Amino acid sequence: TMFPLQGAQMLQTLEKSLRKSLPESIKVYGTVFHMNHGNPFNRKALVDKWPDFNTVVIRPQEQDMTDDLDQYTNTYQVYSKDPQNCQEFLGSPEVINWKQHLQIQSCQSSLNEAIQNLAAKKSLKIERSENILFIAAETIKKLIPSLLDTKTLSPGGGKPKAINQEKFKISSLGIPHAALVNQFWHFGGNERSQKFIERCIRTFPSSCLLGPEGNPVSWTLMDYTGETRMGGTLPEYRTQGLVTYAVYMQAQEMAKRGFPVYSHTVRTNTAMQKMSYTLQHIPMSCAWNQWLCSPM
């Protein structure tokens, strides 16, 4: 069985409930937070039962999933209190449309077995990314205070070092900058990802630093799960702390709107990890996962 959660009250109850399962539920929590603030990406929430759910899946509305090859639109966020027994729910075609190219995102590595089993059953090819999940100290203090160990925080209060404001201007991204962001995004580089980036730029706050020519040299933005993503710096401007500054500005803006501040970094990307430590973003014991599923 599957229950779509309708109406503000149910979604607010879901948000409260997911808070108790942070950090593992952060991808779903951030998306439900977005849904409770206007839902401009038009997501819907499904649970296996209510109000005592075991598994929750956030997904697009059917009418938005018209392109079978668009894994950026066809993306699902999953959290389960019982990862060992959620395979049947996830396998249901009303919950996940397994006939499309799709992504599943979750901060529970324990879902891997169920997802791999389903992919094998439905003859899908799977690419899994398992990366480090970082959450800002301020967000932890607000949402999961028991996790905050102030002794391990970097000194400097989580502020970036000053930038040369004559040379670099703080700004936000415009639609014409989507191609640049797309070019440097690890999961992007194609036409569909560029459309997704344009939609994020149109809908949510973004931060960038404009260089001497007036074009972005460093940037970051957020997606509808509340995650800070797609950050980058032009190669010739790297190692000057610019992206640290852009991410800091972005985090300030998001915190003002109440969004959780979190991000992920590939294990080999030590530069971005160093940046996260500087800003007092703390690595979590659970990993950030994405499963990219394509029909064979």
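The values are calculated or read from the model by the stated rules, or taken from the named source; none is laboratory data. These figures come from a predicted structure and were not determined experimentally. Using ideal geometry, Cβ is built from the backbone for each residue, glycine included, and neighbour counts are taken over all protein chains shown. Each accessible area value is taken on the protein alone, full model and side chains, heavy atoms only, with ligands, DNA and RNA left out. Shrake-Rupley method; radii C 1.70, N 1.55, O 1.52, S 1.80 Å.
Quick notes
- Excluding same-chain neighbours fewer than eight residues apart, the lysines reachable from Lys49 by a Cα-Cα span under 17 Å are Lys16, Lys81.
- Accessible-area composition of the chain, carbon plus sulfur, in percent [1.4 Å probe]: 50
- For the range 159-279, lysine pairs separated by 8 or more sequence positions, or belonging to different chains, with Cα-Cα distances below 20 Å total 6.
- Take each peptide in 143-152, 202-211, 3-12, count the other Cβ atoms within 10 Å of every residue, and average; sorted highest first, the result is 202-211, 3-12, 143-152.
- Simple spin-label estimate for Ser285 and Ile175 in nanometres, 7 Å along Cα-Cβ: 4.7
- Whether the range 45-86 is rounded, prolate or oblate, judged on the alpha carbon gyration tensor where a/c under 1.5 counts as rounded: prolate
- On a per residue basis, the chain carries 46 Å² of accessible surface, using protein heavy atoms and a 1.4 Å probe.
- Paramagnetic reach from Met296 in the range 112-131 [backbone N under 20 Å; point 7 Å along Cα→Cβ]: 112-129
- Counting charges near Thr239 (Lys, Arg +1; Asp, Glu -1) among other residues having Cβ under 14 Å from its Cβ returns a value of +2.
- Ellipticity at 222 nm from helices only: DSSP H runs of n ≥ 4 in the chain, each -39500 (n - 2.57), divided by the residue count, give -9000 deg cm²/dmol.
- Descending principal axes extents, the range 3-131, alpha-carbon based, whole Å: 39, 31, 28
- Under the criterion of Cα pairs below 8 Å and six or more residues apart, the relative contact order for the range 159-279 equals 25 percent.
- Enclosed volume per residue, in Å³, of the convex hull spanned by Cα atoms of the chain: 128
- What separates the Cα centres of the range 241-282 and the range 150-216 is a distance of 11 Å.
- When only alpha carbons of the range 159-279 are considered, Rg and Dmax amount to 13.3, 36 Å.
- Here the calculated FRET efficiency for Arg128 and Ala162, from their Cβ-Cβ distance with R0 = 35 Å, stands at 0.30, rounded to the nearest 0.05.
- His281 accessible area, assembled protein chains, probe 1.4 Å, Å²: 10
- Pairs of Cα atoms nearer than 8 Å and 6+ residues apart set the relative contact order; for the chain it is 24 percent.
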